[in-house]
Structure formats: C-alpha cells, structure tokens
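The values are calculated or read from the model by the stated rules, or taken from the named source; none is laboratory data. What you see is a predicted model; the values in this text were computed from it and never measured. Heads up, the Cβs are rebuilt from the backbone with ideal geometry, glycines too, and the neighbour counts pull from every protein chain shown. With ligands, DNA and RNA removed, areas are computed over all heavy atoms of the protein, side chains included. Shrake-Rupley method; radii C 1.70, N 1.55, O 1.52, S 1.80 Å.
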Amino acid sequence: MKLLTTSLLTLVIIIATSGCCQQEKKIEYINPIVPQRADPWVVRSDNGEYFMISTAPEYDRIEIIKSKTINDLGVNEPVVVWRKHETGNMGAHIWAPELHRLDGKWYIYFAAGDAENVWNIRIYALSNESEDPTQGEWKEEGRIMTQRESFSLDATVFEHNGKRYMIWAQSMGPENSSLVLSEMESPIKLKGPEIVITKPEYEWETRKHNVNEGPAVIKRNGKIFVTYSASATNHNYCMGLLWADENADLLDVKSWNKSEKPVFSTNEAVRRYGPGHNSFTVAEDGKTDVLIYHSRVYKDIRGWELADVNRHTRARTFTWDEKGFPDFGQELAD
C-alpha cells in the first residue's frame with residue numbers, strides 16, 4: 001500500500017510539473033527580426049510558410065523573404081521581385097508594399113512616386129500566378145485609380161461577408177493623409193463609394209505632420225479592428241485603433257469608432273521609439289496573434305526622418321482584454 005501511495009504521489013508531481021512548464025512556456029522572438037526594414041508586412045501561407053515584404057532602405061525595389069519561422073526571416077536572403085523604373089511612374093519612393101493572396105493569385109500593393117516628381121505618390125499593383133511569390137513572374141497591373149487625384153499610399157485589403165475592401169491613406173485636403181475605405185470591384189479596381197473613416201484630429205495624430213496612414217485589419221470578437229499610424233515618422237509615430245461591429249455597414253462612416261489615445265507608442269524605458277506601420281500574423285503554433293511593426297531604438301535623429309534607415313522590423317505576441325479589444329502591451333519590452 002505504501003509503494004502504491006508513493007507511486008501515485010510521484011505521478012501527481014510529474015503531471016503538475018508538466019502542466020506548470022506548459023503554462024510557463026511562451027513564444028519568444030529575437031528582436032529586431034529584420035534590421036533596417038520599415039513598414040513590415042508578414043503573411044503566413046496555408047502550408048505554414050512565412051513571407052515578409054517591407055520598405056527597402058534605398059526606396060528602390062521590392063523584395064520578399066520566405067521562411068519557416070518568424071525568427072528566420074532575419075536570416076534568410078531576400079528575393080528581389082521588382083525594381084523601380086528609371087523614368088516616369090513608379091520611378092521613386094517605392095514604399096510600404098503589401099502582399100496578398102486573392103482569387104488564386106498573389107498581389108503586391110505599393111506606393112511610388114515619379115522619377116521626375118518624387119512626391120507624386122500613388123498606389124500601384126503587381127500580380128503573380130505562381131504558388132510561391134518568390135518564384136514566377138510579377139506583372140505590372142498599373143495604378144489603383146482613386147476618385148480623388150492626390151497623394152496616396154499604404155493600401156491594404158481585407159474581405160468580409162463576401163465583399164472585398166481596400167483601405168489606404170490619401171490627402172483629402174490640408175492634412176498630409178487620412179484613411180479612405182472603398183469596396184473593390186476586382187483586385188485592381190475600386191468599386192466605391194470612397195469614405196473617410198479617420199482623419200488626423202487628436203494631438204497625438206498631428207505632431208509635426210497631420211498623418212493617419214499604414215492601416216492593418218484584424219477581425220476578432222465580433223468586430224473589425226483597424227490599426228493605423230499617426231504623426232511624423234520620428235519618436236512621435238504611434239498607433240491608433242478603429243473598430244466597427246461585424247454586422248455594420250462598413251461604408252457608413254457612422255459605423256466606425258476611434259480610440260481617443262494611441263494604443264501603442266514610444267516607451268523610452270524599453271528603448272522603443274516611434275512604433276508603427278504594423279501588420280498582423282499568427283505564430284508558429286497557428287493560433288497565437290503576433291504584431292509585426294517597426295521602430296527605432298533611439299530618439300534623436302540626425303537630419304530628415306525618412307533618410308534614417310534604422311527603423312527595424314520587430315515581432316511580439318499580444319493578447320485581448322476583457323472587452324475583446326487588442327492589448328499590445330504598451331509597458332512591455334519585446
């Protein structure tokens with residue numbers, strides 16, 4: 001009887017210890033994931049491979065990194081899939097590409113200026129029929145035409161209730177950029193109408209520049225959430241949050257709500273300066289939510305912010321609060 005009791009006690013200890021270890025195990029990333037890459041977009045394919053696309057520091061090309069893990073994105077060699085034109089459209093400021101799988105094809109949406117007028121920035125698209133976006137041929141699909149002819153960039157795409165939408169940043173008046181939403185007729189054509197779902201209005205959105213840009217969509221808990229970035233691309237850069245009910249009319253501006261304060265911003269205590277222009281993916285376990293974003297590790301920048309190449313791609317898991325909203329861990333280091 002004593003031997004049986006001892007054996008049962010040992011089994012209980014083993015199970016308890018095993019459960020404890022499982023609870024304490026956490027997903028960790030080696031940050032920065034990829035140095036000197038801003039505006040990172042990471043997508044996980046159906047077979048579990050990761051593809052990362054971002055702004056190259058020279059603003060002259062689009063490249064994709066393929067990896068089996070998020071950490072290895074910083075180890076594997078990028079594949080250059082497209083380079084800027086020497087003259088005319090798509091000839092300068094190749095910014096913020098995003099990679100999407102739509103209707104059985106890969107699409108890249110990106111911003112570009114003209115070689116002769118670098119600030120004539122508009123949204124363009126590429127497509128590729130290959131199963132692997134680092135392979136095959138990328139075709140230029142031309143410009144995504146918006147109703148308003150003005151500075152526009154940072155297009156993202158999402159689907160909901162059988163419809164496809166695009167959100168992008170565009171100058172709609174005196175501000176640098178607001179966020180505009182439209183239904184899409186096809187992966188390369190907008191259907192309209194085009195509605196402004198947020199414009200820079202709070203103090204934290206108007207530091208040095210009046211900016212709302214870099215939208216990213218995640219759907220959870222009966223809501224559609226849109227993160228976006230605000231203010232100048234220095235230590236003032238930060239993330240705001242929009243949300244709408246999943247059953248609401250997304251093309252009705254009254255359906256959208258907006259955070260009064262940033263949801264992720266500079267934290268000097270953990271050397272995080274100007275976090276923003278994020279994307280969402282899931283961890284290697286296929287279920288844990290991961291925030292991909294860029295930031296610097298110092299505050300003071302010499303010269304023009306966009307000439308400083310040290311915006312690094314970083315990754316961190318995040319949770320959801322009791323109200324069903326994302327909690328990005330403002331006080332926590334990566």
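May I ask you to verify whether residue 167 is under 18 Å from the mean Cα position of the chain (by Cα), aliphatic (A, V, I, L, M) and farther than 21 Å from residue 258 by Cβ? When the stated conditions are applied, residue 167 does not pass them. Taking each residue of the stretch 42-63 that is among the acidic types (Asp, Glu) and looking for partners that are open to solvent by 40 Å² or more (accessible area, probe 1.4 Å) and in a loop (DSSP other than H, G, I, E, B) with beta-carbon atoms closer than 8 Å, six or more apart or interchain, yields 49/68; 60/84; 63/78.
Counting only strands (runs of 3 or more DSSP E) that fall entirely inside the stretch 88-142 and contain at least 2 residues that are in contact (Cβ under 8 Å) with a residue 40 or more places away in the chain and open to solvent by 10 Å² or more (accessible area, probe 1.4 Å), the qualifying elements are 92-102, 105-113.
Condition check for residue 206 on (1) under 16 Å from residue 155 (Cβ atoms); (2) of a type in the set (Val, Ile, Thr); (3) surrounded by fewer than 22 Cβ atoms within 10 Å (Cβ to Cβ): one failure, at (1). If we scan the stretch 245-257, do we find a residue that is surrounded by fewer than 18 Cβ atoms within 10 Å (Cβ to Cβ) and more than 23 Å from residue 191 (Cα to Cα)? Yes, there is a match, as at least one residue in the stretch 245-257 is surrounded by fewer than 18 Cβ atoms within 10 Å (Cβ to Cβ) and more than 23 Å from residue 191 (Cα to Cα).
Residue-wise test of (1) at pLDDT 95 or above; (2) open to solvent by less than 10 Å² (accessible area, probe 1.4 Å); (3) of a type in the set (Gly, Ala, Ser).
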site: 10; (1), (2), (3): no, no, no
site: 17; (1), (2), (3): no, no, no
site: 20; (1), (2), (3): no, no, no
site: 24; (1), (2), (3): no, no, no
site: 30; (1), (2), (3): yes, no, no
site: 38; (1), (2), (3): yes, yes, yes
site: 44; (1), (2), (3): yes, no, no
site: 52; (1), (2), (3): yes, yes, no
site: 64; (1), (2), (3): yes, yes, no
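Which of the numbered conditions does residue 234 fail, given that it passes all the others? Conditions: (1) in a strand (DSSP E or B); (2) open to solvent by less than 30 Å² (accessible area, probe 1.4 Å). Result: residue 234 fails condition (1) only.
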